[in-house]
Structure formats: C-alpha cells, structure tokens
Amino acid sequence: MDIPADLETKINEAISHYPVSKRSAVLPVLHLLQHHFGFVSEEGVTYAAEKLGLEPINVLEVVTFYPGFRQCAPGKYHIRACRTLSCAMSGSYELMDKLCSEAGIDRSTVTHHDPIAVSKDGKYSIEFAECLASCGFGPVCLVNDEFHEKVEPEKAKGLLNQYS
Amino acid sequence: MGDIKYLQGKQPHAREKRLIFRNIDREGWDTSIERYVKEGGYDQAKKALKMEPKAVTDEVKGSGLRGRGGAGFPTGVKWGFIPPKNTKPVYLICNADESEPGTFKDRYILHQDPHQLIEGMIISSFAVGAHLAYIYVREEFPEAAQILEKAIAEAHEKGFLGKDIQGSGFDLEIYVHRGAGAYICGEETGLIESLEGKRPYPRIKPPYFPAALGLYMSPTIVNNVETLCHVKHIIEMGGEEYAKLGTPRNTGTRILCVSGDVQKPGYYEVEVGKLTFGELLNDVCGGLLPGRKLKAVIPGGSSAKVLKADERFKIKKGDEEVEIGVEDIPMDFDTLMACGSMAGSGGVIIMDDSRSMSWVLNNINNFYAHESCGQCTPCREGSLWMKKITDRIEAGGGMPSDVDTLASVAKNIDGRTICAFGEASSWPTSSFVAKFRDELIGATDEANASKPSNKEQAAQQRYLAEEPVA
Ligand SMILES: Cc1cc2nc3c(=O)[nH]c(=O)nc-3n(C[C@H](O)[C@H](O)[C@H](O)COP(=O)(O)O)c2cc1C
Ligand code: SF4
Ligand code: FES
C-alpha cells in the first residue's frame, strides 16, 4: 500500500492526540485513509492495524459497524440525503427519487449492508442518511463535505449541476 | 440584546433571551479568537482559574443547571460524582454528536462560536480536574471539526490551552475526535467506547457510570455542547444570579429547535419554562400553515413520547392540581415529564392534520431499527420487528392485531436493555399506539389477517395447498 509522506505525517499527528492509548486513533486513522483513497480497503485495514499495534479484526469490526466508513469506492460526488422525520415531512424521499433519476442512479440494488448506489459514469453516488441535525431547514443533504439546506425536490437538478 | 445587530432575516424573536446564541447570526461576527476576545472572551476562564476548583463546581451546583443533552441531569451534581479519593487522571468529554432527530442547536455553536465552547470547556475541566479533554463531533459535521481545530490552535497560541494556562499552573489539552455516522455514539458510554477506538457498544450502568469508570476506566465527565457553554455564563453571572433565569428547578435558558409543520421553523433560545408550547407555536413560530389544525407534537427529540393535540393533563401548580391542555404546557423539564413526555434535547417536531400517524411512526421506527447497536436482544430484534410491522401497515398489508403486537413489542423492550436507546426506541411506538390507536387500526385491514405476510409464508401456503404429486 502506497502511503504518501504527507498522509503519513497526518496519521502520526492524529495518533499523537491519544497519549493514553494508541487504539483510540482507529477512527481518525480510518478517516484519513478513507479521505485519501475514497474508501477503506483490506490493505487499509491491515495498515491501520499494524500502525496501531492491533489485530486486523479490531480495525475491521470498526469499519463494518460505522455507516461512515465504506469498503467500496463511491462516486466522485457522494450525496447523503437525510431521510429522518422532519426532512421526510418536507419531501426528502421525493428528493431522493429526483436525484436518482437526474443522475441516472439505480437504487434497486441497495441493501442494508450495501447502502450506496453509484451512477454508471461513476460521477455521482447516493445514500440515505439519518438526521443530519438541521431539521428546521429540510430537506437537507451533504455532498462530499458540503452541506445543503432546503433542497426541495425540484432543486435536485440544480444541486447536481453545482457538481460536474 | 441591546446594540447587537443580527443578519437580515435572522433577528431573534422578541420572546427570546439570547445567552448561548448571543453571537449566532450576528452582523460582523466571525469565529476568530480576536473577535471573541474583543468582547470579553476568555475573561471568565481567567476568572475561574483564579478560583478554587470546588468553588467553580459550587457555582454550577448553585445555578441549578441541568444537562441539555437529553436526560436533564443536574450538571454540578454529576461533577460531584467523581470519587473523592480518586488518584487516576480525570477526563472531560464534550458530546457534540448531535444526532437526536429534531435537534439542531449544537451545530450553530460549533460553526459560529467555537471559542465559547472552548472557554466553557476550560472552566469545566479546571473544576473537575481534567488535563485532557476531547470534543466528540459527529462525522457529518466536517466543517465544524475544521473550525474547532483552528479555534483550538488559536487558543493555544494565545495561552488559553496547553501548559500553565495564563500563569495559573493549570494545564489542559483539547482534541477533536470525529465519529463515523452512528447515533449510538451520542450515548455517553457508547461514545467512550468509540473514543477508545472500538465499536460503540454502550456499557452497563452500574458499574460503568462515567464519572467513576469512564474513558480508559478513569473518571470522565461527559457533557453536551450547550451545557458546557452555559458554564461560562454561570461564572460570568454567578450561580445565584443565573438561577433567576427561567423557573425554579428549571433554570437558565435553553435552545428550542422547532421543525415540522409550522410557518417559521428554527432555533429559539428562551428562558426555561417561561414559554408555553402554545406561545412557542403561535407567537414565536408564526403558527401552523394556513387552514391546518394541530394534530401532534413530539416535544424533546424523536425519543420523547408524542403528545396529542386534544390531550388533557393534570399537573401540580404550587399546592393545587390543575388541568391543562397541550398548548398550556410550559416547555420545561418537570412539566413535560409530568405530562408523560420529556424536554429531552429540545427538538420540537410539530405535526398538523395533514399527517398520517402510521407514516410518521414508520419513519421513526426506521430510524431506531437502523441505529440499534445490536448488543441487547430486545432492542436489536424489537426495533427491527416494530419497523417491519409499520412497513407492512404502510404497504397496505397490516391487520388490526398488528397494532397490539406493536404495543407488546415496545413494552418488552422498555426497561430490558443495557442503555436508554431501548426506551428511546420503544417510547415512540408505545405512545403512538396509546394515543392514535384508532387511526393506526384504520390503516390496517381485517382481510390481511388471512393472507401470508411475507414471502416465506406465501411459499409455505402454496406448498400446503398443492396437490401431492402421485
Ligand atoms: C441513544 C442516546 C443518544 C444520545 N445522543 C446524544 C447526543 O447526540 N448528544 C448529547 O449531547 N447527548 C446525547 N445523549 C445523552 C448522553 O448520553 C449524555 O446523557 C449527555 O451527553 C450528558 O450531557 P448533559 O448532562 O450535558 O446533558 C444520548 C443518549 C442516548 C441514550
Ligand atoms: S439498548 Fe439497544 S442501543 Fe443500547 S446497548 Fe442495547 S442494543 Fe445497543
Ligand atoms: S430530520 Fe433531516 S436533518 Fe434532522
């Protein structure tokens, strides 16, 4: 696995935030790996385990538990649309349908264990998220690290056009 | 609020009292330490560092401050649970997981006033004797994490963090720790496990009360973002003066987050208990949408029991018992509890008569089924079972007896689990069934009782009905 020097520096810095137990750095190290590679691969798990003096299973069980870690590559722009009550009341399910049809994404294969659907060209991927803590201004979604409020279904195309 | 100007269209309502949100949406405000210090920022930290730690805790006790994260537990009392003869290091954790559906207040503090939180954490760490503190930020707040990291670096540079803060001899490091999209990390012991680099399986209490056995099995104080910010204002005003805000036993201000079917959803900081639900809805939030009637309200995040618009409650007022309706309920901890629900995290979700209650319950059940950590059988199986039943009702396949099954599953989760998620997941179902029973039954069909309810049953029926092959 090819870990560039600046990534390694960031990883070491993250580990230094946990003077009592290196194991505490599992989440931050995985975040850094995911941010760089787009997802956490098998080698990523082994690398993190070696780096932190753990067994790979200790890292893998974390990857498989948290919805925030992915084991497959998402699209270039990854959309997380909130589906929880207040957003659903303001139309988040309709928004999801619109985003999928505009972006050419087929969600029929989505399951609990594989919640992400990717467009054929790999440009967009999408998944439902639970409450993103902006319930008064729904529907809300995250595109990569950017947050959007009041994305009514009719604004789906406009949102996608911001990312092309 | 005097001479403070707020951004166009974001002015606080006249009924608000802005303490924590004083600088939110403020004109000319930014997140830099220079801007913060210009108006007395970090003065309260300097003041507290000259006090005895116990005196700081006593001010917080005297203020009557109750936690804003969900349970409403008195903050000063919690701090006092650190064992007196403790020799292990003490840790402070700020719970910035903000993931209770309906709650959106901490995000504004993190995004717009990070130094207020850091100052609150310096004072609180000093009071409880912590030299290492973490802010557990949910992963879905990437920008907040960056803002906090920058603010922490600034505070370091100006000598408010690190070694010998402001010549007081007190050392403190604060680090940001990002979660990874799991609601259960908001539960304090799940949060601690997560911070230890593991799956966030909550720990059983007793014995694992964090104040005694928390992070790395050391005494750990976990407080919500808003709670920690209040500490700064308590030092500024003095506990006694702070306690004059709000109502007795329900002191101070708190931020109510209103979402759902209202004209003006949003965040409103008010004195606790000084505003009834009706005033919040009609005066502050501009009322319901035209032509609509109130149907139900969830007053403290989705885990709180639902209140029905025409319900009546008997509550104590002084020595008298009085009967009140939903709109008369003052939005405080004690009254909402007396009305059978809770003030929880301050997330108020309002539903009008256009909403189907089986649809709403199904949405909530989906959330809990997705977020159960899976450790306890009643919670793991029960939350999924309740979701499957309401899924079926929503798809038109429900039968009347499903409604009783829902209630019985919910009852069998409540009180039988490791953490309070069990209650959080069962209370919506038990309260919706108790209050909207007829409507839920109306969404089902007796005829479905004789039909197969899933693929396996259908296959079985087909098999049993087939003629045996000769
Ligand atoms: C399932 C569950 C989820 C929770 N989520 C949060 C949360 O997102 N934020 C929070 O501050 N507290 C949350 N809590 C409450 C915490 O366990 C804890 O009581 C709180 O952080 C204590 O802070 P306080 O005393 O300042 O309120 C949650 C509790 C449970 C049972
Ligand atoms: S009650 Fe639910 S969330 Fe809490 S520990 Fe048990 S299974 Fe996990
Ligand atoms: S319900 Fe969508 S942000 Fe809370």
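The values are calculated or read from the model by the stated rules, or taken from the named source; none is laboratory data. All values reported here derive from a predicted model rather than from experimental measurement. Backbone-built Cβ (ideal geometry, glycine too); neighbour counts: all protein chains shown. Side chains are part of the model used for accessible areas, which takes the heavy atoms of the whole protein and leaves out ligands, DNA and RNA. Shrake-Rupley method; radii C 1.70, N 1.55, O 1.52, S 1.80 Å.
Using a 1.4 Å probe on the protein chains only, how many percent of the accessible area of chain B belongs to carbon and sulfur?
52
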Specify the inter-centroid distance of region B:307-364 and region B:6-51, based on alpha-carbon positions, in whole Å.
32
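Antiparallel versus total DSSP beta bridges in chain A: what percent is that, nearest 5?
Working: 8 of 14 bridges.
Antiparallel: roughly 55 percent of the beta bridges in chain A.
Any idea of the accessible area per residue across region B:357-450, 1.4 Å probe, to the nearest Å²?
Accessible area per residue: 40 Å².
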Which of the peptides B:279-290, A:153-164, B:448-459 is most tightly packed, and how do the rest follow, judged by the mean count of other Cβ atoms within 10 Å per residue?
B:279-290, A:153-164, B:448-459
Go through B:198/B:308; B:232/B:274; B:38/B:61; B:54/B:205; B:198/B:387 and tell me which ones have a Cα-Cα distance over 31 Å in this structure.
B:198/B:308
Where both residues lie in the protein assembly as shown, what percent of DSSP beta bridges are antiparallel, nearest 5?
55
Taking the chain alone as reference and the full protein assembly as comparison, with a 1.4 Å probe on protein heavy atoms only, the residues of region A:26-65 that lose at least 30 Å² of accessible area are A:27, A:31, A:61, A:65
Protection-proxy order for peptides B:176-186, B:4-14, each taking the mean of Cβ atoms within 10 Å per residue, highest first:
B:176-186, B:4-14
If ligands, DNA and RNA are left out, what is the accessible area of residue B:417 with a 1.4 Å probe, given in Å² to the nearest 10?
30
List for region B:79-103: residues with 30 Å² or greater reduction in accessible area, all protein chains versus chain alone, probe 1.4 Å?
B:101
For region A:9-75, what does the equivalent ellipsoid look like in terms of its semi-axes, each the square root of 5 times an eigenvalue of the Cα gyration tensor, given largest first in whole Å?
19, 13, 10
Subset of A:22/B:88; A:51/B:163; B:46/B:88 violating a 21 Å alpha-carbon distance limit:
A:51/B:163; B:46/B:88
Tell me the per residue accessible area of chain A using a 1.4 Å probe; a whole number in Å² is fine.
46
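Largest first and in whole Å, give the semi-axes of the protein assembly as shown's equivalent ellipsoid, each being the square root of 5 times a Cα gyration tensor eigenvalue.
With the √(5λ) rule applied to the protein assembly as shown, the semi-axes are 38, 32, 24 Å.
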For chain A, the percent of accessible surface on carbon and sulfur atoms (probe 1.4 angstrom, ligands and nucleic acids excluded) is 50
For region A:73-111 and region B:387-426, compute the distance between their C-alpha centroids and round to whole Å.
26
Once B and A are treated as a pair rather than alone, how much accessible area drops out, both sides summed, in Å² to 100, probe 1.4 Å?
3800
Calculate the radius of gyration of the Cα atoms of region B:97-152 to one decimal place, then report Dmax, the largest Cα-Cα distance, as a whole number, both in Å.
11.9, 34
Straight-line reach from residue B:50: which aspartates and glutamates fall under 13 Å, measuring Cα to Cα and dropping same-chain residues less than 8 apart?
B:164
Which three extents, in angstrom, do the Cα atoms of chain B have along their principal axes, listed largest first?
94, 52, 45
Show which lysines lie in cross-link reach of residue A:76 when reach means a straight Cα distance below 22 angstrom and same-chain residues fewer than eight apart are skipped.
A:98, A:120, A:123, A:155, A:157
Occluded residues from region A:121-158, i.e. those whose accessible area drops by 20 Å² or more once the chain is not alone (1.4 Å probe):
A:130, A:131, A:132, A:133, A:135, A:136, A:137, A:142, A:145, A:147
If you restrict to DSSP beta bridges whose two residues both lie in chain B, what percentage is antiparallel, to the nearest 5?
50
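Could you give the alpha-carbon Rg of region B:33-244 over 2.2 N^0.38 Å, rounded to two decimals?
So region B:33-244 has a normalised radius of gyration of 0.94.
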At what distance in angstrom do the alpha carbon centres of region A:117-151 and region B:237-286 lie from each other?
30
Leaving ligands, DNA and RNA out of it, work out the accessible area of residue B:79 with a 1.4 Å probe and give it in Å² to the nearest 10.
10
